[in-house]
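Asker: Take a look at the following structure, please.
The values are calculated or read from the model by the stated rules, or taken from the named source; none is laboratory data. All of these numbers come straight from a predicted model, not from anything done at the bench. FYI the Cβ positions are ideal-geometry reconstructions off the backbone, even for glycines, and counts take in every protein chain you see.
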Amino acid sequence: MKAAVYYETGAPDVFKYEDVPDPHLFPQGVLIRVEAVSIEGGDTLNRGGGAMAGRPHIVGYQAAGTILEVGSEVGDLKPGQRVVTVNAFGSHAELRVVAARTAWPVPDGMDIRIAAAIPVPFGTAHECLFEFGRLKAGETVLVQAGASAVGIAAIQLAKQAGATVIATASSEARLAKLTPLGLDHGIDYARADVAQEIMRLTGNKGVDLVVDPVGGATLPSSLASLAYRGRISLVGNAGREPQKVDVSSLMPGNRSLTGVFLGAEIATDRVHDNIQRLIGEVAAGRLSVLIDSTYPLSEAAAAHAYIESRKAVGRVLLIP
Ligand SMILES: NC(=O)c1ccc[n+]([C@@H]2O[C@H](COP(=O)([O-])OP(=O)(O)OC[C@H]3O[C@@H](n4cnc5c(N)ncnc54)[C@H](OP(=O)(O)O)[C@@H]3O)[C@@H](O)[C@H]2O)c1
């Protein structure tokens, strides 16, 4: 098969488009022909400096396609079915094998490119808001990096749950694309101090919950934006900076900072079933997936470079 591979981590130009051996099916796995690869935020971080499963390495968490073959122990999926799949690596290829547990059937009529972009961002946002963030109707949420895929999912899910939703992004133009998703207030963090704006918008109360996929220099503004008993779901390192924070404001305000990692629970019944439900919500039109652009798989380097230019709002896809 063809794949976008690299031999060393680094800038987007580490990608080479090469012939590599087909992946091996295992008894609990499914082999799919990939039809759409959703480039996840973690894929760019992994390409930049993450672990490699081998040399060459095929990066990538999320891709959708059609099942070609199922392992001997797989009972609930069958060849010909369309699925969206998640794994620690291997999406940037014409074929991939994943555990059946992390493959979700795609509803009839759903565009495979939309399906490709659902499980990780929506599953993660749901964990940040509800499982770990304990969000309740009437509360106020700050979504840092609102124009990220996790942010786009979090804005919609928080709004559906009856929260007031505030989000940050690096420009007004990026924020404008979030308003139709249910955003109540946008903060252009290139121009305004986030915590000061939050205090102004909330009458000095602060927000009940922050979803922070950026960390680094952003995390202090998340801490400074919290209300009494406020919570932070820290879910990423999009800022690519060391996580050094002063947590002294947590204790006097009964506040909390919780790490969230979807991968640790994605194979549980709870999360597996929730992701299938979220796919259904998108199919029913109650949640939206934003697709920014598509590139051929052979142009993975250009697609990654475009994402790192921070012009995309919504997913950039690779099509084998
Ligand atoms: N823990 C988990 O289970 C889990 C699951 C999914 C994702 N994540 C993590 O969550 C983060 C977001 O993922 P995603 O897929 O939503 O990302 P994405 O769609 O690629 O968006 C990332 C956004 O982060 C913002 N950003 C801030 N500082 C940045 C920097 N120095 N370089 C690049 N972008 C920067 C940019 O928006 P602005 O320009 O508007 O600031 C960018 O659009 C990633 O770190 C990812 O690894 C974690």
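Asker: Quick one: is Gly263 near the ligand (Cβ under 8 Å from one of its atoms), in a helix (DSSP H, G or I), out of contact with any Cys (no Cβ under 9 Å at 6 or more places or on another chain) and within 25 Å of Val98 (Cβ to Cβ)?
Answerer: Numbers: near the ligand (Cβ under 8 Å from one of its atoms): yes; in a helix (DSSP H, G or I): yes; out of contact with any Cys (no Cβ under 9 Å at 6 or more places or on another chain): yes; within 25 Å of Val98 (Cβ to Cβ): yes.
When the stated conditions are applied, Gly263 passes them.
Asker: Related question: Hey, among Glu73, Glu35, which residue is part of a strand (DSSP E or B), more than 18 Å from Ile275 (Cβ to Cβ), in contact (Cβ under 8 Å) with a residue 12 or more places away in the chain and not hydrophobic (A, V, I, L, M, F, W, C)?
Answerer: Exactly one residue qualifies, and that residue is Glu35.
Asker: Among residues belonging to segment 298-320 that are away from the ligand (no atom under 14 Å from the Cβ) and surrounded by fewer than 20 Cβ atoms within 10 Å (Cβ to Cβ), point out the one that is nearest to Ile32 (Cα to Cα).
Answerer: Only one residue fits best here, namely Ile319.
Asker: Name every residue in segment 78-91 that is closer than 26 Å to Ala283 by Cβ and part of a loop (DSSP other than H, G, I, E, B), in order of residue number.
Answerer: Lys78, Pro79, Gly80, Gln81, Asn87, Gly90, Ser91
Condition check ((1) out of contact with any strand residue (DSSP E or B) (no Cβ under 8 Å at 6 or more places or on another chain); (2) surrounded by 24 or more Cβ atoms within 10 Å (Cβ to Cβ); (3) of a type in the set (Lys, Arg); (4) closer than 13 Å to Ser38 by Cβ) across all residues:
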residue	(1), (2), (3), (4)
Ala93	no, yes, no, no
Pro105	no, no, no, no
Gly133	no, yes, no, no
Leu142	no, yes, no, no
Lys159	no, no, yes, no
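Listed here are the residues, each with its yes/no results for (1) in a helix (DSSP H, G or I); (2) surrounded by 22 or more Cβ atoms within 10 Å (Cβ to Cβ); (3) modelled with pLDDT of 95 or more.
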site: Gly146; (1), (2), (3): no, yes, yes
site: Val165; (1), (2), (3): no, yes, yes
site: Leu183; (1), (2), (3): no, yes, yes
site: Arg191; (1), (2), (3): no, no, yes
site: Arg200; (1), (2), (3): yes, no, yes
site: Val211; (1), (2), (3): no, yes, yes
site: Val214; (1), (2), (3): no, yes, yes
site: Pro220; (1), (2), (3): yes, no, yes
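Asker: Something else about it: Which of (1) more than 14 Å from the ligand (Cβ to nearest atom); (2) within 25 Å of Gly60 (Cβ to Cβ); (3) among the aliphatic types (A, V, I, L, M); (4) part of a helix (DSSP H, G or I) does Ala154 not meet, given it meets every other one?
Answerer: If we test Ala154 against (1) more than 14 Å from the ligand (Cβ to nearest atom); (2) within 25 Å of Gly60 (Cβ to Cβ); (3) among the aliphatic types (A, V, I, L, M); (4) part of a helix (DSSP H, G or I), just (1) comes out false.
Asker: Thr294 passes all but one of (1) among the hydroxyl-bearing types (Ser, Thr, Tyr); (2) under 21 Å from Arg113 (Cβ atoms); (3) within 14 Å of the ligand (Cβ to nearest atom); which number fails?
Answerer: Against the list (1) among the hydroxyl-bearing types (Ser, Thr, Tyr); (2) under 21 Å from Arg113 (Cβ atoms); (3) within 14 Å of the ligand (Cβ to nearest atom), Thr294 comes up short only on (3).
Asker: Looking at segment 43-70 only, could you name the residues that are assigned to a helix (DSSP H, G or I) and of a type in the set (A, V, I, L, M, F, W, C)? It would help to see each step written out before you state the result.
Answerer: Residues of segment 43-70 that are assigned to a helix (DSSP H, G or I), as a first pass: 43-49.
Once the filter is applied, which keeps residues that are assigned to a helix (DSSP H, G or I) and of a type in the set (A, V, I, L, M, F, W, C), segment 43-70 yields only Leu45.
Asker: If you don't mind, another one. Just one of the numbered conditions (1) within 16 Å of the ligand (Cβ to nearest atom); (2) within 21 Å of the chain's Cα centre (by Cα); (3) part of a loop (DSSP other than H, G, I, E, B); (4) surrounded by fewer than 13 Cβ atoms within 10 Å (Cβ to Cβ) is not true of Arg286; which one?
Answerer: Of (1) within 16 Å of the ligand (Cβ to nearest atom); (2) within 21 Å of the chain's Cα centre (by Cα); (3) part of a loop (DSSP other than H, G, I, E, B); (4) surrounded by fewer than 13 Cβ atoms within 10 Å (Cβ to Cβ), only one is false for Arg286: (1).
Asker: Looking for something of a type in the set (Ser, Thr, Tyr), part of a helix (DSSP H, G or I) and more than 10 Å from the ligand (Cβ to nearest atom) - is there at least one such residue anywhere in segment 250-257?
Answerer: Our first condition is that a residue be of a type in the set (Ser, Thr, Tyr); within segment 250-257, this holds for 256.
This time we only want the ones that are part of a helix (DSSP H, G or I), so: none.
No, that holds for no residue.
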